[in-house]
Amino acid sequence: MTARVLQTGLAIHCEHLSHYYELDGEEVTALDNVEFSVAAGESVALLGPSGSGKSTLLSLLAGLLRPSSGQIYLGADDITVMSESELLRLRGQRIGVVVQNPSRNLLPYGTAEQNISFAQRALRGYRRVDLQAPAELLAALGLSELSGQRVSRMSGGEQQRLSVAVAMAGSPGLLLADEPTSQLDTDNRDKVGELLTRITSSFGTTVVVVTHDPAVAAALGRSVTITEGRADDRDQHRQQFVRVDPDGAVRLPPDVLATLPPGSQLRVVRRPGGVELVLTAGAERAGTERSDPERPGGYR
Ligand code: ADP
Ligand code: MG
């Protein structure tokens, strides 16, 4: 059984994306000016410490939350300006989500096939005639042995694989999964990894998975680390946006700050296209600036 590519993968492009929650009257920064791009059909592991904003980013990409500021393009469309009904249609038709708690993805008394049918029922209102039959979809995902099994009798690992299959029920252009293996043993983690590999290699779906699991990260094409609400793409030329505070202080990313001890001097160079901050050789310590040649690596 082969996987049918029914929708092309959705490209993601987030610009100046910030999200703040309000907690007891205080503003909690979950994402701070994030730039994040994923090509159509690409698969990305989203890594980062607890509290760094990974789940928030997934909820924003799924259209379940609206950002405090910034843009989120899925394909050509900025979803931050969509109406609720447009978002609902987009979520139903083009986005598959696996939430963190496995049992919340499934109907416990239904079989695997019934769970997929149920997920597809909501799509019939959109006159979708291209939906893959549940048994066919399970076979394409290598999960035929689950077809007639009831969710309540499945192991945690089987339930999690079925959750991924249910998220694929509408052949989405974008699959989002939040820590899909966090409650599984090594063997089952590997199986979820294999399932994701199968999806990325034969479905054309764009895939973003939050994970701490090396087996899952290895199944995906690229890793992006998010720290303190900022995305840091290790595999690409790194550019980030930083904010200027009201007092004029520039908040440098932690890894850049680590190379610039307090008191470092940066030269401010006004250029036609903007302003460049240049670290001058020998000027790392306060009061030692000389007119040495510029050192590359200045922060733009
Ligand atoms: P991660 O998934 O990387 O652990 P989250 O996106 O869940 O991170 O959270 C990022 C930050 O936002 C954390 O500081 C968290 O405490 C805070 N946060 C998340 N959800 C809420 C909420 N509903 N209300 C207030 N603060 C929240
Ligand atoms: Mg989380």
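The values are calculated or read from the model by the stated rules, or taken from the named source; none is laboratory data. Just so it is clear, the model here is predicted, and its values are computed rather than measured. Every residue, glycine among them, receives a Cβ derived from its backbone with ideal geometry; neighbour counts consider all protein chains shown.
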Odd one out for residue 182 among (1) among the polar types (S, T, N, Q); (2) farther than 18 Å from residue 45 by Cβ; (3) within 16 Å of ligand 1 (Cβ to nearest atom): (2)
Tell me which of these residue 61 doesn't satisfy, since it passes every other one: (1) over 20 Å from the mean Cα position of the chain (by Cα); (2) surrounded by 15 or more Cβ atoms within 10 Å (Cβ to Cβ). (1)
Scanning the range 42-77 for residues that are without any contact (Cβ under 8 Å) to a residue 40 or more places away in the chain and over 30 Å from residue 201 (Cβ atoms) gives 50, 51, 66
With the condition kept exactly as written, say whether any residue in the range 15-22 is within 21 Å of residue 100 (Cβ to Cβ), within 16 Å of ligand 2 (Cβ to nearest atom) and at pLDDT below 95. yes
In the range 50-64, is there at least one residue being away from ligand 2 (no atom under 14 Å from the Cβ) and closer than 20 Å to residue 96 by Cβ? yes
Flag for residue 97 being closer than 20 Å to residue 173 by Cα, within 15 Å of ligand 1 (Cβ to nearest atom) and surrounded by 21 or more Cβ atoms within 10 Å (Cβ to Cβ): yes
Given the structure, is residue 162 under 23 Å from residue 194 (Cα atoms), under 22 Å from the mean Cα position of the chain (by Cα), assigned by TED's automatic domain parsing to the domain that holds residue 199 and touching a residue at least 12 places away in the same chain (Cβ under 8 Å)? yes
Which residues, taken from the range 91-143, are among the basic types (Lys, Arg) and either assigned to a helix (DSSP H, G or I) or within 16 Å of ligand 2 (Cβ to nearest atom) (or both)? 91, 94, 104, 121, 124
If residue 29 satisfies all but one of (1) surrounded by 17 or more Cβ atoms within 10 Å (Cβ to Cβ); (2) within 16 Å of ligand 2 (Cβ to nearest atom); (3) more than 27 Å from residue 181 (Cβ to Cβ), what's the number of the condition it fails? (1)
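Matching residues to (1) in contact with a strand residue (DSSP E or B) (Cβ under 8 Å, 6 or more places away or on another chain); (2) at pLDDT 85 or above; (3) among the aromatic types (Phe, Trp, Tyr); (4) within 16 Å of ligand 2 (Cβ to nearest atom):
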| residue | (1), (2), (3), (4) |
| --- | --- |
| 189 | no, yes, no, no |
| 200 | yes, yes, no, no |
| 228 | yes, no, no, yes |
| 255 | yes, no, no, no |
| 271 | no, no, no, no |
Just to be sure, is residue 204 of a type in the set (Gly, Ala, Ser), surrounded by 19 or more Cβ atoms within 10 Å (Cβ to Cβ), more than 16 Å from ligand 2 (Cβ to nearest atom) and in a loop (DSSP other than H, G, I, E, B)? no
Considering 41, 51, 63, which residue is part of a loop (DSSP other than H, G, I, E, B), closer than 28 Å to residue 138 by Cβ, of a type outside the set (Phe, Trp, Tyr) and within 16 Å of ligand 1 (Cβ to nearest atom)? 63
